[in-house]
1. Bin width 5 Å, origin at 0, all Cα-Cα pairs of segment 5-284: what percent of pairs per bin?
2. For segment 2-103, run through the trypsin sites (Lys or Arg not before Pro) and keep only the ones in DSSP coil with at most 10 other Cβ atoms within 10 Å of their Cβ.
3. Expressed as a whole number of Å, what is the distance separating the alpha-carbon centroids of segment 19-57 and segment 421-459?
4. Based on the mean of other beta carbon atoms within 10 Å per residue, what is the order of 49-62, 424-437, 449-462, most packed first?
5. Can you tally the net charge around Phe260? Count Lys and Arg as +1, Asp and Glu as -1, for every other residue whose Cβ sits under 14 Å from the Cβ of Phe260.
6. Please compute the Kirkwood hydrodynamic radius of segment 37-193 from all pairs of different C-alpha atoms, in Å with one decimal.
7. Within 10 Å, count the other beta carbons around each residue, average over each peptide in 212-225, 262-275, and list them highest first.
8. Across segment 109-125, in residue order, what do the Karplus-derived ³J(HN,Hα) couplings come to in whole Hz, using 6.51 cos²θ - 1.76 cosθ + 1.60 with θ = phi - 60° and x for Gly and Pro?
Amino acid sequence: MQQSPDEEVQRLRAKSDLQSIFLLVSIIMGFCFLFNSNITFGWDYKIIIVYACTTQFAFMISKLLSSKGINSYCCFAILESALLITYLLGIVYNNEISPININFISYAQLILQFVILAITVLISRQSVENDAQDQSKQIQEILIAAIKSIGSLQIVFLSLKWSKSINWGWMQTLVIVWFCIGTMALIEICLIIDLIFKCCNDQLQNKKLLIYGGVWVNIVLVGFIIDSGLTFLGLSLLLDYNISYINLYGFITSIVYYIFQILFYLKNQEELIQFLNLSDTQQIQPAEQPNDQITLKERIKQIHRISVSKVPQFMVKLSATYFRKQETNDNQKNQNELGSSQVKKFRSISFSEIKKQKDIKKSPSQDLDEDLTKKFDQLLSSPRLKLEVSDSMAPELSSRGQQKQNVLCLVCYEKESNMINQPCGHGGFCQECSQQLLSKSNFCMLCRKPVTHTLLVQGIENRESLVEVVGIYQGGQKQR
């Protein structure tokens, strides 16, 4: 069956991920093989150094080639590889030529890795509106940066041990390694339990693919735990207690495990690609989800639709950038009656308080109209004051009965500001600028709160503080 272009792209991405994982397994198994061979058969340790330097250089080239341009990640990748290669060559120089202090290189490596981790976390927090694929990639980058930071801390402990700055035994020096192996062991227990539940669930969709993928993930993690555990345990026992046969077991285990991994990979390559493709596209979903299993994204969409259905007819302009919903006269009347009835239960209302409440009910536009009317009546009844009064109120009289001057957009300062973000109520943008801002981020530019929809408004003649809602936009599309 012919696949669509999107499905073909997803399949190629899954195949690339599978090849990357297999390459990572090969690199780690190669390191364990060379390390155990050095201890068991006396191979030259410089072979391990050359292997590590070559691998790190290849990682740097791959990072640079996959980057879309010169950015901070490229600079960090170059600096990270340069420090690690310098550290490894410093070990050779310290053992073969003359003793040197390589502790400062390990310190610089540790600081750099923590800086990369902090930057990766900050970038991921600023990109909360990305899709699921980008968020998954960001999580992977954070995990990789965290693992590199922990590895750099282990290198610092090794440097302090080699320079005799600490009096720990090798079992204590490799404490970070034991912590990582213990964490992987706990994860492996959870994965085995999850695999057992999948095998017992007969109603599970794509059960065969999930089982194949679960078995493969368990094989990869078990190999990491056993092979790395035997390698570093043999090193610690050799240096502390002169016991060397553990690394022979590690040497045999690395060969057997890698051969088994290759056979499983070649035999089930297509199933593994489908498993990774299934995980990326998130196709494991029932046809109709019950209410308690609705995703957060769908729930937010429902809330947005509900909020759009309750759009006011008018908005009160409190400032150039802030608007609020106008309450209807019935609601105001009910609130006033409710407030007066509650007050009557406890005390009587004085005449001055009633007058004060009436003054509060007057809107700013009504006060402005009354003031202009008084001045106009004064002008008509007092010809002597005509010139004095007309000079002070000429702008107001000329603008009365005409449309107020349009307030310009706060972004472009060219077009009329006629858009209001909801539910925060911030406005002052024209329609084009509002759509451009919301296409980049779903957060209000002024208060950084989520924007569910925007209101298209127009001014009302002789009512500067009141605007009428004439349209609703959600997701760049006009709703009404």
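Every number here is computed from the coordinates shown, using simple stated rules; none is lab data. Everything quoted here is computed from the prediction, not taken from an experiment. Don't worry about glycine lacking a Cβ; one is built from the backbone with ideal geometry, like all the others, and counts go over all protein chains shown.
1. Pairs per bin, as whole percents: 1, 5, 9, 13, 17, 17, 14, 11, 7, 4, 2, 0, 0, 0.
2. Lys68
3. Taking the Cα centre of segment 19-57 as reference, the centre of segment 421-459 is 56 Å away.
4. Working: 49-62: 15.3, 424-437: 19.8, 449-462: 17.7.
Packing proxy ranking, top to bottom: 424-437, 449-462, 49-62.
5. Around Phe260, the surrounding residues sum to 0.
6. 17.8
7. 212-225, 262-275
8. 5, 5, 4, 4, 5, 5, 5, 4, 4, 5, 5, 4, 5, 5, 5, 5, 6
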